[in-house]
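A.B. asks: Here's a structure for you.
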Amino acid sequence: MMESKGLDVRGMDPWGLRRVEQLLHTVEGVDSLKIVPDGHGSIDEIHVLSSSGLGAKQIVRNIESALLAQFGLQVDHRKISIAQVRAQDIEPLIQAEEPEEELPPGSQRLVLDTFHLERRAGERVVCRVELLNGDSTYLGQAEGPDYSKSRMEVAARAVLDALSKTAEGTRSFGMEGVTQVNLFGREMIVVAVQGFEGRGRSPITLLGIAEVRDSVEESVVYACLSATNRWTADS
């Protein structure tokens, strides 16, 4: 939980959290960030994208210290998430999101065919995706609560459900995290997926990124494919 000592962040400026964002952009290890307010004058989540060589824990401590020193804000470290990428990987990953890319014969890379997000009674949402690899189609589906963070996770799980049907038992995937950040003035989706191959082997972390275009949830699909296609293409 976060305690705000003597400061209502809504009153900082006409845009709410601008001064906090400006401060955190100066913190070592922070390339881009997104702050999620809780609607009651405080901060609910802080999502950071970093290409720094600093460890995630050190970046979190830097953020905590900066907020406490400048604004007297104490933020629970569990509210701060760090997505780490290599700076040289950012541009190729953005290019990899395009579904119209021509794929060589026999490639295991998948592209999005259809995407559907359906809201249901009881504040639930269902996501269905169809992925294509040549003449083969793979359907994935997932369901969850109907709020912004959950919808992103549901879209990601639908992709992983479809991917699980392509690997024929040799590989599997698990969701590690998904977040939306502002990177170089553009809204981006960053996902982290765990890839499992064979028994007794440690999972590897696959990181993908895609620019938000038509919808946040559909962009999550492209980010997942950006992460996993680099691995499945070798199968």
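The values are calculated or read from the model by the stated rules, or taken from the named source; none is laboratory data. On a predicted model such as this, the values are computed, not experimentally measured, just so you know. Because the Cβ atoms are built from the backbone with ideal geometry, glycine has one as well, and the counts that use them run over all protein chains shown. Surface accessibility is based on the protein's heavy atoms, side chains included, excluding ligands, DNA and RNA. Shrake-Rupley method; radii C 1.70, N 1.55, O 1.52, S 1.80 Å.
A.B. asks: Express in nm, to one decimal, how much length is gained between S150 and E28 on full extension, taking 0.36 nm for each residue of separation and deducting their alpha carbon distance. Spell out each step's value before the answer.
C.D. replies: Working: separation 122, 0.36 × 122 = 43.92 nm, distance 2.99 nm.
Stretched out fully, the S150 to E28 stretch lengthens by 40.9 nm.
A.B. asks: Return one whole number: the accessible area per residue of the stretch 138-186 in Å², for a 1.4 Å probe.
C.D. replies: 45 Å²
A.B. asks: Right, next: On a full-extension model of 0.36 nm per residue, what is the gain between E123 and Q141, subtracting their alpha-carbon distance, rounded to one decimal in nm? If you can, show how the numbers build up before the last one.
C.D. replies: Details: separation 18, 0.36 × 18 = 6.48 nm, distance 1.72 nm.
Here the answer is 4.8 nm.
A.B. asks: Take I204 and A69, extend 7 Å from each Cα along the Cα→Cβ direction, and tell me the distance between the two endpoints in nm.
C.D. replies: Once both label points are built, they end up 3.9 nm from each other.
A.B. asks: Just read off the accessible area of D44 with the full protein assembly in place, 1.4 Å probe, to the nearest 10 Å².
C.D. replies: 50 Å²
A.B. asks: K165's amide H: which non-local residues (gap 5+, or another chain) put their own amide H closer than 5 Å, with H modeled 1.01 Å from N in plane and none for Pro or chain starts?
C.D. replies: none
A.B. asks: Which value, in Å² rounded to 10, gives the accessible area of I35 with a 1.4 Å probe and all protein chains present?
C.D. replies: Number for this one is 10 Å².
A.B. asks: While we're on this one: If packing is taken as the average number of other Cβ atoms within 10 Å across a peptide's residues, how do 62-73, 155-166 rank, most packed first?
C.D. replies: Working: 62-73: 16.7, 155-166: 22.9.
In decreasing order of mean packing, 62-73, 155-166 become 155-166, 62-73.
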